[in-house]
Amino acid sequence: MSQIEGEEVTYLSSDSVCKATTSKSIEHIYPTEFLNSLKFPGIPNHELRLKVGLPVMLLQNINQSAGLCNGTRMTITQLGNKYIKAKIITGTQLGQKVYIPQINMSPSESKWPFVLKRRQYPLTVCFAMTINKSQGQSLKTIGLYLSKQVYCHGQLYMALSRVTNRKGLKVLIDDSECHG
């Protein structure tokens with residue numbers, strides 16, 4: 001992120017214990033600082049650092065007809081106090097400019113005896129993605145890093161078939177795992 005010019009803006013979430021899922025007394029046990037430190041898959045962190053020009057991925061479905069689905073990749077075009085403006089760089093709405101609101105999110109699974117409610121922009125910085133997240137996307141250029149063997153042939157096929165032209169594919173295989 002330091003290689004992208006421009007001012008960095010930090011957005012902090014508003015975290016609380018969901019009152020509908022817990023007893024009244026439990027919400028006082030967990031201070032806000034503790035709630036801010038929690039991290040869950042599919043939920044943005046408490047502190048979200050962004051810059052104009054930064055590639056990001058949407059973490060929640062917001063408006064499917066407008067192309068704002070989980071996994072949609074975008075480039076930040078404007079950072080406001082109450083909104084983020086971005087340009088969609090994948091999918092059927094390619095090139096569309098959209099506004100991303102803060103939304104309330106809760107993890108689907110948790111080891112804690114309460115449900116966290118986090119109000120934050122549903123975005124994560126996205127310079128790279130997993131093979132599973134790339135499913136359904138067509139990309140001009142792909143750099144595929146295989147640090148270990150893929151666990152099934154379908155996974156490798158999915159990764160390789162995302163690229164629209166063979167010239168746009170680069171594969172780096174770390175074969176130190178193989179001893180033969």
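Read-outs: derived from the displayed coordinates by stated rules, not from any lab. Not measured: the values here are computed from a predicted model. Because the Cβ atoms are built from the backbone with ideal geometry, glycine has one as well, and the counts that use them run over all protein chains shown.
Structural remarks
- Selection among 76, 91, 44 by position relative to the dipole of region 44-100 gives 76 as farthest towards the positive end (Cβ unit charges, Cα centre).
- Sparsely packed GluC sites (Glu not before Pro) within region 1-90, loop by DSSP, other Cβ within 10 Å at most 15: 5, 7, 8
- For residue 160, neighbours were defined as the other residues whose beta-carbon sits under 14 Å from its Cβ, and their charges (Lys and Arg +1, Asp and Glu -1) total +4.
- In this Cβ point-charge picture (+1 for Lys and Arg, -1 for Asp and Glu), region 1-150 has a dipole of about 320 debye about its Cα centre.
- Overall, the anisotropy analysis places region 90-132 in the oblate class: the square-rooted eigenvalues a ≥ b ≥ c of its C-alpha gyration tensor yield a/c not less than 1.5, with a/b not exceeding b/c.
- Phi-based couplings in Hz for region 120-127 (Karplus 6.51, -1.76, 1.60; Gly and Pro marked x): 7, 5, x, 10, 9, 4, 9, 7
- Choice from 161, 110, 14 with maximal GNM fluctuation in the chain (Cα, 10 Å cutoff): 110
- Inter-label distance, residue 127 to residue 170: 1.3 nm, where each label sits 7 Å from its Cα along the C-beta direction.
- Cleavage-rule hits, trypsin sites (Lys or Arg not before Pro), region 105-180, DSSP coil, Cβ neighbours within 10 Å at most 13: 111, 140, 148
- Full-extension gain in nm, residue 97 to residue 14, via 0.36 nm per residue minus C-alpha separation: 27.3 nm
- Residues whose amide H lies under 5 Å from that of residue 105, counting only those 5 or more places away or on a different chain, are 118, 119, 120; hydrogens are built 1.01 Å from N in the peptide plane.
- As a ratio to 2.2 N^0.38 Å, the alpha-carbon radius of gyration computed for region 129-180 takes the value 1.16.
- Net charge over other residues, Cβ less than 13 angstrom from the Cβ of residue 60 (K, R count +1; D, E count -1): +2
- Stokes-Einstein translational diffusion, the chain - Kirkwood Rh over all Cα pairs, 0.692 mPa s, 37 °C, in µm²/s: 177 µm²/s
- Stretchable slack from residue 4 to residue 156, in nm (0.36 nm times residue separation minus alpha-carbon distance): 51.6 nm
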